[in-house]
Amino acid sequence: MRETPMIDAPDKPAKATFGAAPAAPTTGVPAATDDVVVLLDDDGAAIGTCPRAEVHTRDTPLHRAFSSYLLDDAGRLLLTRRALTKVAWPGVWTNTCCGHPRPDEPTQDAVSRRVREELGLDVTQLRVVLPSYRYRAVDASGIVEHEICPVLVGRIDPAQLEPHPDEVCEWAWIAWPDAVHLARRTPALLSPWAAEQIVLLAEQLGENGLSPLALPHDETAHEHTQHEEHEPLDEKDLA
């Protein structure tokens with residue numbers, strides 16, 4: 001297991017800040033309309049593709065995705081509120097950025113691409129923490145999410161933030177302990193995947209001011225998802 005320098009938590013929790021995306025885009029188009037997602041069988045093997053614009057329905061097939069949790073130098077997590085025009089979970093607060101790797105695209109490359117498209121940010125110190133996370137959830141309109149979804153953490157610079165309004169309508173920087181408290185006490189205020197993932201991350205990385213970026217990691221060890229879902233990782237899994 002390769003060592004990564006520990007990142008000290010701030011002496012005092014950083015103050016939360018909030019903002020809203022501009023009415024008109026200031027960054028590039030989030031994704032081409034003909035973008036595709038990778039469909040999976042129950043064991044996680046690729047079995048085909050589907051246009052991204054068509055994959056989320058009331059009977060969404062299992063597909064490949066990712067969730068990312070990105071922090072600033074003070075250890076604050078960037079939460080985003082999904083645009084009101086989104087097909088699934090419109091207007092819901094969630095983690096920093098979610099997306100779908102394209103065919104043959106490594107997960108970390110997909111995260112970097114999608115964060116740049118949605119938020120105008122470059123990601124550093126990116127690593128997989130929950131490689132085998134998997135879930136199925138149904139929103140109030142009946143739209144289904146059904147994903148094998150590795151969870152990653154990384155570092156971003158708030159000064160670069162330029163959310164695309166087609167993806168994000170509001171954003172907030174909150175201390176990591178506050179995010180954990182929110183997910184544990186009032187999970188209904190977050191997307192179902194974010195509420196569950198934050199708790200799992202806290203079990204792995206700590207919840208009282210400890211930055212998730214203090215985790216030793218191997219960037220290449222977790223590109224393949226497992227079938228097991230929602231199981232905390234043992235230390236050997238992070239080797």
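The values are calculated or read from the model by the stated rules, or taken from the named source; none is laboratory data. The structure displayed is predicted, hence computed values, not measured ones. Positions of Cβ are backbone-derived with ideal geometry, glycine not excepted, and every protein chain shown enters the neighbour counts.
Results for (1) closer than 24 Å to ALA20 by Cβ; (2) modelled with pLDDT under 95; (3) among the hydrophobic types (A, V, I, L, M, F, W, C), shown as yes or no for each residue.
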position	(1), (2), (3)
GLU118	yes, no, no
ARG127	no, yes, no
ARG136	no, no, no
GLU145	no, no, no
CYS149	no, no, yes
ARG155	yes, no, no
VAL168	yes, no, yes
LEU182	yes, no, yes
ASN208	no, yes, no
Say whether the condition of being touching a strand residue (DSSP E or B) at 6+ places or on another chain (Cβ under 9 Å), charged (D, E, K, R), over 21 Å from PRO101 (Cα atoms) and assigned to a loop (DSSP other than H, G, I, E, B) is met by at least one residue in segment 188-196. no
Filter segment 122-140 for residues that are under 21 Å from LEU40 (Cα atoms) and surrounded by fewer than 18 Cβ atoms within 10 Å (Cβ to Cβ) and give the result. TYR135, ARG136, ALA137, VAL138
What pairs can you find where one residue is in segment 129-154 and of a type in the set (Ser, Thr, Tyr), the other is surrounded by fewer than 21 Cβ atoms within 10 Å (Cβ to Cβ), and their Cβ atoms are less than 6 Å apart, with a gap of 6+ or different chains? SER132/GLN226; SER132/GLU228
Somewhere in segment 176-187, is a residue in contact (Cβ under 8 Å) with a residue 12 or more places away in the chain and under 21 Å from GLN108 (Cα atoms)? no
Out of everything in segment 34-62 that is within 19 Å of LEU130 (Cα to Cα) and touching a residue at least 40 places away in the same chain (Cβ under 8 Å), what residue ends up being surrounded by the most Cβ atoms within 10 Å (Cβ to Cβ)? LEU40
